[in-house]
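Structure first, commentary second.
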Amino acid sequence: MLKDRQIVHLDLNSFFVSVERKMDKSLVGKPVIIGGASDRGIVASCSNEARKFGVHAAMPMHMARYLCPNAVYRNGNMDEYEKESKVVTEILQEKAPVVEKLSLGEHYLDVTGMDKFIGCLKWSNELKQHITNKTGLTLSSGLSINKTVAKVATGEIRPGETKFVSPSEIKPFLDPLYIQKIPGIGTKAYQKLHTMGVQHIHTLTRIHPDQMFRILGQHGTTIWQKANGIDNSPIIPYQDRKSISTETTFDIDTIDVEMISQLLTAMITGLTFQLRKESRLCACMSVKIRYSNYETVNQQLSFHYTSMDHTLIARAKELFKKLYNKRMLIRLVGVKLSKLVNGYEQIDLYDIEHERYDLYQAMDKIRKRFGEKAVTIASTIQIPDKKTHVY
C-alpha cells in the first residue's frame, strides 16, 4: 500500500561548490559563489559560508557581490558536475531497489520493504557514508512515506544529516513551515496565497480543496494535497538517455539551402522544447546529411551545456555549412543532441541574455497548453514534417 512506502530523498550538499572544492582544496572554508561572471548573471550555487551573508541560489550576481564582496567566484564546470553526478547515480543504482534522478545533485529512492532486513533509516545512513567514502561528497537525506515529505525533510536539516518523518509526525512537522517549503509552489502561486494571508502550511491545510481548485486550478489541488502530506506519485526509475534526435527525408531530393536552413531551425526548436520540458541540457550536437546517391555524412560538435534555441540553431547551421560541400541533391537531413544531463539553464552563466530566456519560457508555456505547434518561428512555417527519435 502507498501509506506503507519508504521514500528517501538524497541531496548532495551544495553540489556544485563541493565539486569545485574537490578540484581546488584552497576553496574549503571560504565563501564560494558559482554563476554568471557579469552583474546580469545569477547565482547557480553558493557555499554555506556565502549563505551567512544572505546569498542564495537564483539571486542576481550584482546583489551577491554586494552582500559578499570577498567571496571566491567560479563560472561553473558542468562537465565535472555531470561526471561526479554520474558516479553517485551509478552507486545508487547498484545499491537501491528503485532510483529516480531529480537533478544532478538530487535523487529519490524507493526502499520499501528494506526495513524487514536492516531498517530503512540505518540503511540510508550507511548508503550516505558509502557515497562519501567513494566520492568525498557529503549528502543530506529525508525519509518518509512519500516524495513530498521526504524532500521537505531534507531541506530542514544541516548538511550531512538525516531526518525521518513517520506517518504520525507528518502533520506536526509540516504545519509550522512556510508554504514556500512545499515542492512545486512557484512565484505566482506563492504571491496569490500570500495576498490571501496564507503564510504557513497549517493555514493552507484549512482552506477547502474546492476553493484551492478555484484559485489555482488543478495545481491548487496538488498543493493542498502536499500541504496535507498526501503524495501518491511514484518513483520513476532513472534511465540514462543517451540522445534525442530528429530527421526529415524529403519527398523530392533538393538543393534548396535556404529551405534546409529553415528546417534546421524548426528541428532545433522542437528538440530544445523537449529538453526544457524534461529539465535537461545537452553538450553535443551532430548533423547528418544523406545525398541522393545514399552517401551519408555527419559531423559533431561539443559545447557548454545548454538548451537554448539560438545557441543550438547557430551550431546546427555551422555544422551543415561544413558538411554540405558536394553541391549534390540532398535526400535527408538530421540533427542529434547528445551528452544529456538533468539540470536547468544558468542565466548568463555562458553569456545568455535574460530577454531570450524569458522569451523561450513564454513560448514553452504556450506550447504546453495549446500544443507544440501553437507558436513557432515565422520562417519555419512552410517546411516538411519531422520525425523525432529518443535513445
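A short reminder: the numbers here are calculations on the coordinates, not readings from a lab. Model, not experiment: these values are computed from the prediction. Every residue, glycine as well, gets a Cβ built from its backbone with ideal geometry; the counts of neighbours run over all protein chains shown.
Return the FRET efficiency for the residue pair D79, H219: r is the Cβ-Cβ distance, R0 is 30 Å, and the value is rounded to the nearest 0.05. Spell out each step's value before the answer.
Values: r = 35 Å, r/R0 = 1.18.
The pair D79/H219 has a calculated efficiency of 0.25.
Say each of S168 and E94 gets a label point 7 Å from the Cα, pointing the same way as Cα to Cβ; how far apart are those two points in nm?
The answer from the label model is 3.9 nm.
Run the numbers for L329 and S103: contour at 0.36 nm per residue of separation, minus the present Cα-Cα distance, in nm. Show your work: numbers first, answer last.
Numbers: separation 226, 0.36 × 226 = 81.36 nm, distance 4.34 nm.
Fully extending the segment from L329 to S103 adds 77.0 nm.
What do you get for Rg/Rh over the range 176-332 if you use C-alpha atoms and the Kirkwood form of Rh? Mind showing how you got there, number by number?
Numbers: Rg = 23.9 Å, Rh = 19.5 Å.
Over the Cα atoms of the range 176-332, Rg/Rh equals 1.22.
Measure up K22/K134; K25/K95; K30/K52; K86/K181; K52/K171; K52/K226 against 23 Å on the Cα-Cα distance and list the ones that go over.
Values: K22/K134 13 Å; K25/K95 29 Å; K30/K52 11 Å; K86/K181 28 Å; K52/K171 30 Å; K52/K226 30 Å.
Going by Cα-Cα distance, K25/K95; K86/K181; K52/K171; K52/K226 fall outside the 23 Å limit.
On average over all directions, what projected area in square nanometres does the range 1-148 have, based on the convex hull of its Cα atoms? Each step should come with its number before you reach the end.
On the way: hull surface 37.7 nm².
Mean orientational projected area (the range 1-148, Cα hull): 9.4 nm².
At 7 Å along Cα-to-Cβ for each site, give me the label-to-label distance between T195 and K242 in nm.
In this crude label model, T195 to K242 measures out at 5.1 nm.
Can you compute the radius of gyration and Dmax for the range 158-255, using only the Cα atoms, both in Å?
Cα-based Rg and Dmax for the range 158-255 come out at 20.9, 69 Å.
How big is the dipole moment of the range 171-294 about its Cα centre under a simple scheme where the beta carbon of each Lys and Arg is +1, that of each Asp and Glu is -1, and everything else is neutral? Debye, nearest 20, please. Please report the intermediate quantities before stating the final value.
Numbers: 14 positive and 10 negative charges, 147 e Å.
With Lys and Arg at +1 and Asp and Glu at -1, about 700 debye.
Evaluate E = 1/(1 + (r/R0)^6) for E156 and S302, where r is the Cβ-Cβ distance and R0 equals 41 Å; express this FRET efficiency to the nearest 0.05. Write down the numbers at each step before the final one.
Values: r = 40 Å, r/R0 = 0.97.
For E156 and S302, the calculated efficiency is 0.55.
Once R0 is set to 30 Å, what does the formula 1/(1 + (r/R0)^6) return for the Cβ-Cβ distance between K317 and N293, expressed as a FRET efficiency to the nearest 0.05?
Values: r = 24 Å, r/R0 = 0.80.
Once the sixth-power term is evaluated, E becomes 0.80.
Using 0.36 nm times the number of residues separating T187 and H208, minus their current alpha carbon distance, what extension gain do you get? Present the calculation step by step, with values, prior to reporting the outcome.
Working: separation 21, 0.36 × 21 = 7.56 nm, distance 2.15 nm.
Difference between extended and current length: 5.4 nm.
Within the set of other residues whose C-beta is less than 12 Å from the C-beta of T221, count the net charge using Lys and Arg as +1 and Asp and Glu as -1. Mind showing how you got there, number by number?
Details: positive: R214, K226; negative: D210.
After counting each charged neighbour, the total is +1.
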